[in-house]
Amino acid sequence: MIDKIDVGIIGSGIFGASTAFHIARDTKLNVALFEKHDENTWLDAGSSGRSASIVRHNYSTDLMIKSAVKSHNIFKNFKKEVGEPIEFINNSYLGIVADKKLNALKNIVKRVQSFGINAVFLSPEELKEKHPYLNVEGVTGAIHNLDASYVYDPQEPLRIYAKQAQNFGAKFYYNTKVTGIKTSNNSVKSIVTDKGEVKVNYVLNCTGPWASEIGKMINVDIPVIAQRQQLVDVLPDKKWGLTRPTFSDHEQQVYVRPMRGGIAHCGGHYFGSECNPDKYNQGVDNEFILDVMKKISLRIPSLKGAKVVKGYSGLYENTSDTYPIVGEMEELNGFINCVGWSGHGYKHGPMFGILLKELIETGKPSLDIDFLGLKRFETGKLIKTAYGVNAPYG
């Protein structure tokens, strides 16, 4: 193992792999990535590899809209931008609301339109006319984001980012567990692993559900909890095409997107109790299947009674306001977080890899990320979106 490096990244999900790639390709800095899972299991181990990988742009903060747009363009042109193609499918996104969120949704539509995104507001009548398969009872409005897409296989970009990063000189150490971080004079000094110690100038914490464990190594509370999130694939009587719109019910907090073979890929934002990211049930519960399909079938009646094909669980890495913790810590020079994305991080991975590279290289990223800092949890000034605090669609 190398004994000294400029940047040490912990975690090889979408943020760690993307940042490693951009540092290796675009700077003169030396970078190494440490991943505790081995080369056969890392793609399936954390949040990124089990993501629904929906790429939408409808947010209520400028940063998230800009990031989603730029990441979308990178995904769309992945061969040109990163070196190999991925399967990226433009299918659009339908999100519905009821009374309490109607004005917020209208404001979000106007906001994303101002950034050149092809999105429109639909009344219940327009929604029913354009999408007659939907039950619009109780619906007061919808956003139709026609630019929205999805990455078919969420593991594909991870693999390519990691491969290309190494082609540009990045060191990837799989099956290597970080056991400590040494500091001195309010600065990081080294990363300690079960394979040896490496001196560093920067430590980038991209560990997702394991973020709080890394925080304990520097005696800092990083308020990110791991929560199990389940998904189920069902086969409707009338098979779905790959370009059928992703559908999201912002009231019931459930969603469905198409899969190959006519399958509907169904999930939801179920914020339950904390789980151990190293030991959690990766299967799917019958109670979840019944609940999520009841909610989705309320809006898409044709899915009622659809045959269950398979199900699995992944991990969310949640904060109390569902916005991530990103940036260099004020009290510890060289320690940077990019964690706590609360279920909507995948779509931002490409752009935040660039922003983190810029932060490390110049100290000033091209987009303002200051409000994502850890301090907000100490001061109680949590991020409030158009839908309020702790709102997964904002």
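A short reminder: the numbers here are calculations on the coordinates, not readings from a lab. All of these numbers come straight from a predicted model, not from anything done at the bench. No Cβ is skipped: glycine too gets one built from the backbone with ideal geometry, and neighbour counts run over all protein chains shown.
Things worth noting here:
- Where labels lie 7 Å past Cα in the beta-carbon direction, separation of LYS381 and LYS177 in nm: 3.9
- About its Cα centre, the dipole of the stretch 278-394 is roughly 840 debye, where the only charges are +1 on Lys and Arg Cβ and -1 on Asp and Glu Cβ.
- Enclosed volume per residue, in Å³, of the convex hull spanned by Cα atoms of the chain: 128
- Cα centroid separation, the stretch 145-209 to the stretch 312-376 (Å): 13
- Inter-label distance for GLN113 and PHE271, nm, one decimal - labels placed 7 Å from Cα along Cα-to-Cβ: 3.0
- The chain: most fluctuating residue of GLY267, GLY116, GLY215 per GNM, C-alpha cutoff 10 Å: GLY116
- In order along the stretch 75-82, phi translates into HN-Hα couplings of 4, 5, 10, 5, 4, 5, 7, 10 Hz, rounded to whole numbers, per the Karplus curve 6.51 cos²θ - 1.76 cosθ + 1.60 with θ = phi - 60° and x for Gly and Pro.
- Model label zone, GLU84; criterion: amide N under 15 Å from point 7 Å along Cα-to-beta-carbon; scope the stretch 15-33: 17-18, 21
- Given their separation in residues at 0.36 nm each and the Cα-Cα distance between them, ASP291 and ARG159 gain 44.1 nm when the chain is fully extended.
- Contour excess over end-to-end distance, with Cα ends at TYR280 and ASP44 and 0.36 nm allotted per residue: 83.6 nm
- Ranking ILE86, LEU63, ALA20 by Cα position along the charge dipole of the stretch 1-100, where only Lys, Arg, Asp and Glu carry charges on their C-beta atoms, puts LEU63 farthest toward the positive end.
- Between helix 102-113 and the chain there is an angle of about 60 degrees, using the helix long axis and the longest principal axis of the Cα atoms.
- Each helix, a run of at least 4 DSSP H residues, gives -39500 (n - 2.57); summed and divided by the residues of the chain, these come to -8000 deg cm²/dmol at 222 nm.
- Residues whose placed amide H lies under 5 Å from that of GLN229, excluding near-sequence neighbours: GLY314, LEU315, TYR316
- Over all Cα atoms in the stretch 220-379, the spread is summed up by Rg and Dmax: 18.8, 58 Å.
- In nm, spacing of pseudo-spin labels at SER302 and ASP99 (7 Å Cα→C-beta vector): 3.2
- Other residues with beta-carbon under 13 Å from the beta-carbon of ASN167 carry, at +1 per Lys or Arg and -1 per Asp or Glu, a net charge of +3.
- Couplings 3J(HN,Hα) of the stretch 3-17, computed from phi: 9, 8, 8, 6, 10, x, 9, 10, x, 10, x, 4, 7, x, 5 Hz, in residue order, whole Hz [Karplus 6.51 cos²θ - 1.76 cosθ + 1.60, θ = phi - 60°; x for Gly and Pro].
- Förster-model FRET efficiency, 51 Å R0, ARG260 and ASN186, C-beta, rounded to 0.05: 0.50
- Within a Gaussian network of the chain (alpha carbon springs, distance under 10 Å), most fluctuating of GLU317, GLU287, GLU330: GLU287
- Exposure proxy order (Cβ contacts within 10 Å, fewest to most) of LEU134, LEU105: LEU134, LEU105
- Charge dipole (Cα centre; +1 on Lys/Arg Cβ, -1 on Asp/Glu Cβ; no other charges) of the chain amounts to roughly 680 debye.
- Angle in degrees between helix 155-167 and the longest Cα principal axis of the chain, rounded to the nearest 10: 30
- Distant-in-sequence amide H partners of GLY180 (H built 1.01 Å from N, under 5 Å): VAL192
- Least to most buried among ASP321, ASP285 (fewest other Cβ within 10 Å first): ASP285, ASP321
- Exposure proxy ranking, count of Cβ atoms within 10 Å, fewest first, for MET259, MET329: MET259, MET329
- The charge dipole of the stretch 17-106, taken about the Cα centre with unit charges on the Cβ atoms of Lys, Arg (+1) and Asp, Glu (-1), comes to about 500 debye, rounded to the nearest 20.
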